[in-house]
Each structure stands twice: as C-alpha cells, then as structure tokens.
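This report refers to the structure that appears directly beneath it.
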Amino acid sequence: GARQEVTVLEQHAAVLLATSAERQLAESEAQSKIDELEASLSELKSLEAEQEAALQSAQAEVASLKDASSSDAAAVAETPVSYTHLRAHETPEHLVCRLLLEKKKKKKKS
C-alpha cells in the first residue's frame, strides 16, 4: 500500500513537473513574441515620425515654392519682353496658331 502511494505521488510529481516545464516554455515563447511585437511597434513609431517630418518638410517646401512663384509671376507680369524674345520661345503649337491668324488677316485685307 505505502509503496503504491509513493509511486502514485511520484507519478503526480512527474506530471506536475512536466506541466510546469510546458507552462514555463509557453510563457517564454509568449514573452519572446511580446518582445518582438514591442520592437516592431517601436520601429513603426519611428517610421511614422520620419514620415511626419518628411511631410512637414514637403509642405514647407511647397509653401515656399508657391510664395516664390507668385512673386516671380508678379515680376514677370510687370517686365515687358520683345517680339523677338517671344518668337524665340514659340512652341510648334504657337507657331501654327500665329501663322493661321496671319493668314486670316491677309484674307480680310484682300
């Protein structure tokens, strides 16, 4: 009887030890996963901060370019240019339109 009880208790102890080892392993794996997720979250937060900084920089650059282009446009609008200068920058589309208009004017004069 006593020997059987000791054997049963030893078996229970072995089961408890195995269960405890399994639990420790599961807890260790869970902690590793938590650490991995925390590292990923930290990396994402860092990337988000970089993107926010890049966005703010781009917005500031756009605002600066808008200011510069509006002041450039005002300066250009006030500066007269010669007919030769205009012709020098004439695109093929402008050339076609100009020639058609000149042709139309010649027909009206005739």
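Can you tell me which of 62, 81, 96 is outside any helix (DSSP H, G or I) and surrounded by 10 or more Cβ atoms within 10 Å (Cβ to Cβ)? On inspection, the qualifying residue turns out to be 81. In this structure, is residue 57 at pLDDT below 85 and polar (S, T, N, Q)? Spelling it out, it is not the case that residue 57 is at pLDDT below 85 and polar (S, T, N, Q).
The values are calculated or read from the model by the stated rules, or taken from the named source; none is laboratory data. The structure presented is a predicted model; accordingly, all values stated were derived computationally and were not measured. Cβ coordinates were reconstructed from backbone atoms using ideal geometry, including for glycine residues, and neighbour counts include every protein chain displayed.
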